[in-house]
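S.K.: Once you've had a glance at the structure underneath, I'll fire off some questions.
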């Protein structure tokens, strides 16, 4: 006999013993308790079954999450980080560009003269 069959036999005997104990407990009940249990069972079965409709909460959750995604996607500022090419980034991070900032007015004047001369 393999272990599965042994376990099934053990389970069957457990079920049989439990059934025997429960049947004996029912047989020992007095008539008044049996009537009360029967009436309670009838009342419980007479009540309508209330099933929860999950469609409304699921649809509401989907709509809220869709609105949140759209708000975050389109509401974020598009120009928060400039699209700077790597060459410009190198110019900004080097210390050589400080000389250009010190003589900024001169370069503005030179640029204006090129426009007038050009």
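S.K.: Out of 58, 46, I need the residue that is under 45 Å from the mean Cα position of the chain (by Cα), surrounded by 10 or more Cβ atoms within 10 Å (Cβ to Cβ) and modelled with pLDDT of 80 or more. Which one?
M.R.: Residue meeting the stated conditions: 58.
S.K.: One residue is enough: does region 53-60 have a residue meeting the conditions outside the structural domain of residue 24 (by TED's automatic domain parsing) and assigned to a loop (DSSP other than H, G, I, E, B)?
M.R.: The answer is yes, given that some residue of region 53-60 is outside the structural domain of residue 24 (by TED's automatic domain parsing) and assigned to a loop (DSSP other than H, G, I, E, B).
The values are calculated or read from the model by the stated rules, or taken from the named source; none is laboratory data. Only a predicted model underlies this, so the values are computations on that prediction, with no experimental measurement involved. All Cβ positions, even for glycine, are placed from backbone atoms using ideal geometry, and neighbour counts span all protein chains on display.
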